[in-house]
Amino acid sequence: MDNFYFENIPIVPLRGLVILPFSTVSFDVGRDMSVAAINAAKRQDGRIFLSAQKDQKLSEVSSENMYLTGCVCRITNITKLPGDTIQVTVEGLYRAKAVEFVQGFPFLTANVKAYDESIHADQAEALRPQLSAKFRELMSVVAKPGLLEAFAIVEKTVAAHEYLFRIANLTLLKSDERQEFIEEEDFENLCVMLLRTIDREYALATLSKRIEQRVKEQVDKNQKDYILREQIRAIRKELGETEQQEIEEFRARLMERNIPSDIRERLDKEITRFSSLPSGSHEAPSLRTFIECMLDLPYTEMSEDNLDIENAREILSKNHYGLDKVKDRIIEYMAVGKLTGKINGQILCFVGPPGVGKTSISSSIAEALGRKFVRMSLGGIRDEAEIRGHRRTYIGAMPGRIISAMRQAGTVNPVLLFDEIDKLAKDYNGDPAAAMLEVLDSAQNFAFRDHFLEMPYDLSKVMFITTANDVSGIPRPLLDRMEIIEVPGYLATEKVQIASRHLIPSELQKHGLKKSMLVFPTEVIEEIVDNYTRESGVRSLDRTIAAVCRKAACDVANGRKRIKLSRTKLREYLGTPKFTRDDADDEPAVGMVNGLAWTSVGGDTLEIEVAALKGTGQLQLTGQLGDVMQESAKAAITCIRARCDMLGLSDDFNQKTDLHIHVPEGAVPKDGPSAGIAMLTAVASALTGIPVRAKLAMTGEITLRGRVLPIGGLREKLLAAVTAGITTVLLPEKNRANVADVPEDITDKLEIIYVDSADMVLKHALVHMPERNPMIIPANSNHVSVPA
């Protein structure tokens with residue numbers, strides 16, 4: 001074979017495009033290296049080497065990422081496009097192979113040898129009649145626009161080898177087939193490859209046309225049947241036979257639906273029975289509802305799960321701020337589904353206070369999975385028939401809410417949310433919680449029986465999610481079937497972010513305000529969060545922001561163009577703050593300790609005051625303390641009596657001293673064991689007269705032996721401490737691991753001291769430890785100044 005040799009010829013790598021000799025192709029060029037190569041070739045003789053790159057996704061291409069075999073082409077036209085892109089038209093000249101890459105920057109060049117195809121003219125001439133005949137056969141079954149005109153032009157080609165490549169250009173459509181064709185060095189194999197491709201395309205086109213013809217015949221038959229049915233329907237309508245029309249519609253829908261055979265047989269019988277009912281029969285409404293419900297239910301329709309973890313993470317982050325533990329658990333759930341190929345298994349139960357996003361994050365799960373989402377509220381349901389449906393013997397019978405939800409979803413694998421499952425009730429009509437057992441049990445729900453349908457229905461592919469505010473309200477058998485995921489209340493810092501990212505833009509849009517018209521500085525959002533709302537979620541915060549937007553809308557309507565909120569302007573809009581927080585005392589105080597409390601709307605500080613008076617050993621507890629909190633106070637006093645010597649108290653101090661323990665804000669009920677060490681410290685300080693350190697707070701349960709037990713609600717309690725200006729916090733040693741779950745922007749502002757005994761608590765809480773001397777009851781004063 002004779003070879004043509006081209007030295008240092010510019011190279012342009014192509015994405016998904018393989019050019020054959022004797023073809024004219026236009027393509028866009030935008031990469032800097034490719035544009036430079038085109039311009040260099042144009043300045044020379046217009047010849048350029050075009051080769052496909054192996055990975056189409058790469059933007060920066062080196063010689064290792066290109067096929068060695070390509071096509072030497074001549075540039076015939078260059079058109080400038082908007083931006084930095086140009087459109088290039090080239091004419092393929094020779095198949096060629098790069099033997100040596102010379103230059104890599106600013107564009108690729110190589111030494112290339114091209115193949116002289118004209119030496120195979122005799123072989124190509126002998127093959128030409130066969131190629132022409134086969135391609136004509138292919139055109140007879142392929143209805144491709146412009147193919148006939150293109151073949152007519154190819155037929156006028158004189159050179160036989162050129163004719164072969166032009167036929168190949170019309171036949172080979174896939175880039176990998178074209179690359180394999182252009183790399184074949186043996187000309188005889190090249191011809192065989194082309195003939196095989198034409199035969200294969202002819203066979204596929206023939207099969208496709210045969211299938212198309214069958215479909216067309218079936219469609220024609222269906223069209224004919226449809227026209228006849230329409231004519232019959234029109235005649236019956238004129239005769240007033242509307243029920244017969246309804247029956248025909250039922251049968252048509254039954255034929256169209258892909259329904260299991262046993263259900264199809266049952267439906268066919270019920271439709272036949274419905275058609276035989278006399279006009280005005282009392283069974284007709286119930287039977288009609290049954291047939292419509294069965295025809296509407298999904299049996300094989302299924303949403304394709306999107307198990308892309310990154311996509312799910314992006315959707316959850318876009319729709320919800322914070323809730324990192326919840327998001328991680330959902331991602332884990334989806335990751336298991338990706339590995340097993342199906343989403344099933346444990347039923348998730350989101351537990352948390354109102355307004356923290358339990359329902360909305362369930363909706364985001366459905367969006368991430370690409371499934372339909374149906375919400376079903378269970379609050380206040382007290383009738384089992386709401387879940388299982390009514391038997392058709394009753395007038396006005398209807399299917400249960402589970403079947404109605406599946407009917408609404410339209411697929412067999414929706415995300416079904418049971419909202420407020422802890423609000424289920426029961427009375428003489430039955431226990432709906434017991435009916436829910438069959439729904440949520442994977443060993444039973446594949447054959448769920450609704451009383452109205454009286455047939456098993458498969459719920460095994462449904463992803464069930466439940467929500468609750470209080471775990472104690474969920475019946476134990478139901479709780480045993482669910483995995484509890486705590487959805488904690490938002491921190492104040494998280495509420496600020498949620499307000500700025502989600503709530504404020506939403507409310508501005510609802511009230512017709514642009515961002516430039518009403519500006520919410522960060523300090524104003526913090527003021528709203530701290531002083532105008534007090535909740536675990538953000539619903540009250542959303543309402544408060546809406547109130548501000550309404551006030552601002554009035555000002556804008558009166559001619560103001562821009563409003564920048566300040567604390568003064570906020571008070572003008574919303575009035576005086578609804579809530580205030582007491583800052584910690586700056587000076588050490590006797591008999592007064594800051595405790596930390598958890599409430600359903602977040603954490604708070606809790607002042608505990610103790611007065612020690614001469615008396616007969618009476619104990620008085622005030623401030624609406626619950627039973628557990630009163631027992632904690634008694635345990636703290638007993639613990640102090642066991643440490644009389646260490647505290648410098650006489651053995652009979654409890655017979656000569658009255659103690660009054662008070663927790664302010666007496667209108668608010670208080671309970672729980674976590675104030676134990678705070679009461680211990682306050683009583684010890686009151687009895688010894690030694691002040692408690694300033695800016696100090698503590699939480700932990702105390703035992704009679706002086707052990708400090710762990711507590712809950714740590715995250716909310718530490719946030720409350722920071723908000724109140726506390727600098728030091730005493731925590732149980734067993735809560736050390738839980739501190740890792742608290743955000744760093746909270747823990748960095750606190751000195752956290754871990755204690756495991758009453759002795760350690762008193763050592764770190766009191767300004768100094770007492771001397772071992774008889775008890776002297778101090779004057780009843782609130783603050784005592786002592787040296788630092």
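Summary table
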{"item": "Per-bin percent of Cα-Cα distances, the chain [10 Å]", "result": "2, 10, 12, 12, 12, 14, 13, 10, 7, 4, 2, 1, 0"}
{"item": "Surface accessible to a 1.4 Å probe, per residue, for the residues of the chain, Å²", "result": "50 Å²"}
{"item": "CD proxy at 222 nm, helix term only [per DSSP H run n ≥ 4: -39500 (n - 2.57); per residue of the chain; nearest 500]", "result": "-13000 deg cm²/dmol"}
{"item": "The range 485-561, dipole about Cα centre (Lys/Arg Cβ +1, Asp/Glu Cβ -1), debye to the nearest 20", "result": "520 debye"}
{"item": "Protection proxy ranking of 668-680, 728-740, 380-392, 120-132 - average other beta-carbon atoms within 10 Å, highest first", "result": "668-680, 380-392, 728-740, 120-132"}
{"item": "Nearby lysines by direct alpha-carbon distance to K614 (threshold 19 angstrom, same-chain neighbours under 8 apart not counted)", "result": "K634, K656"}
{"item": "For the range 468-610, size of Cβ-based charge dipole, Lys and Arg +1, Asp and Glu -1, in debye", "result": "1540 debye"}
{"item": "Debye, to nearest 20: dipole size of the range 600-663, +1 on Lys, Arg Cβ, -1 on Asp, Glu Cβ", "result": "180 debye"}
{"item": "Label point distance in nm, S261-R74, each placed 7 Å from Cα along Cα→Cβ", "result": "7.0 nm"}
{"item": "Filter on K342/K461; K134/K156; K134/K209; K338/K461; K338/K372; K514/K578 - keep pairs with C-alpha separation over 20 Å", "result": "K514/K578"}
{"item": "The chain: angle of helix 261-276 to the longest principal axis, Cα-based, in degrees nearest 10", "result": "90 degrees"}
{"item": "Isotropic mean projected area of the C-alpha convex hull, the range 318-359 (nm²)", "result": "3.6 nm²"}
{"item": "Cα-based helix-to-principal-axis angle, 676-688 vs the chain, degrees rounded to 10", "result": "30 degrees"}
{"item": "Partners for K221 among aspartates and glutamates (Cα-Cα distance below 17 Å; same-chain residues under 8 apart left out)", "result": "E212, E230, E256"}
{"item": "Listed residue (G623, G104, T522) projecting farthest to the positive dipole end of the chain, Cβ model", "result": "T522"}
{"item": "Order by protection proxy (mean Cβ within 10 Å, highest first), peptides 652-662, 414-424, 260-270", "result": "414-424, 652-662, 260-270"}
{"item": "Percent of Cα pairs exceeding the 19 Å cut-off, where the set is the range 601-683", "result": "36 percent"}
{"item": "FRET efficiency for K221 and E64, using Cβ-Cβ distance with R0 set to 51 Å, rounded to 0.05", "result": "0.30"}
{"item": "Under Karplus coefficients 6.51, -1.76 and 1.60, residue-wise ³J(HN,Hα) of the range 448-455 in Hz, glycine/proline x", "result": "5, 10, 8, 4, 6, 7, 6, 9"}
{"item": "Placed amide H near I347: partners under 5 Å, 5+ positions off or other chain", "result": "E483"}
{"item": "Interchain or long-range residues, amide H under 5 Å from R449's placed H", "result": "Y457"}
{"item": "Square roots of 5 times each gyration tensor eigenvalue, C-alpha, the range 440-538, largest first, Å", "result": "44, 19, 10"}
{"item": "Share of carbon and sulfur in the accessible heavy-atom surface of the range 324-447 [1.4 Å probe, %]", "result": "52 percent"}
{"item": "Where N is the number of residues in the range 1-116, Cα Rg divided by 2.2 N^0.38 Å", "result": "0.96"}
{"item": "Inverse of mean 1/r across different Cα pairs in the range 26-184, Kirkwood, Å", "result": "17.6 Å"}
{"item": "Where only C-alpha atoms are counted, convex hull volume of the range 582-645 per residue in Å³", "result": "133 Å³"}
{"item": "Cα Rg, Dmax, the range 342-394, angstrom units", "result": "15.1, 44"}
{"item": "Cross-link partners of K515 among lysines (Cα-Cα below 24 Å; sequence separation of 8 or more within a chain)", "result": "K318, K495, K551, K561, K564, K569"}
{"item": "Ranked order, L195, L478 - accessible area, probe 1.4 Å, largest first", "result": "L195, L478"}
{"item": "Potential lengthening between E183 and K510 on full extension [0.36 nm per residue; Cα-Cα distance subtracted]", "result": "111.4 nm"}
{"item": "Cross-link pairs beyond the 27 Å C-alpha cut-off, checked among K358/K695; K42/K97; K325/K510", "result": "K358/K695; K325/K510"}
{"item": "Helix 309-319 vs. the chain, principal-axis angle (Cα, 0 to 90°, nearest 10)", "result": "50 degrees"}
{"item": "Highest average packing first - 159-167, 562-570, Cβ atoms within 10 Å", "result": "159-167, 562-570"}
{"item": "Residues of the range 195-215 with amide N under 17 Å of the 7 Å Cα→Cβ point at K144", "result": "195-209"}
{"item": "Debye equation applied to the C-alpha atoms of the range 279-422, log10 I(q)/I(0) at 0.12, 0.15, 0.19 Å⁻¹", "result": "-0.61, -0.85, -1.17"}
{"item": "With DNA, RNA and ligands ignored, accessible area of L68 (1.4 Å probe; Å², nearest 10)", "result": "80 Å²"}
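The values are calculated or read from the model by the stated rules, or taken from the named source; none is laboratory data. The model shown is predicted, which means the values in this text are computed figures rather than measured ones. Don't worry about glycine lacking a Cβ; one is built from the backbone with ideal geometry, like all the others, and counts go over all protein chains shown. Remember, those area values only see protein heavy atoms, side chains included, never the ligands or the DNA or RNA. Shrake-Rupley method; radii C 1.70, N 1.55, O 1.52, S 1.80 Å.
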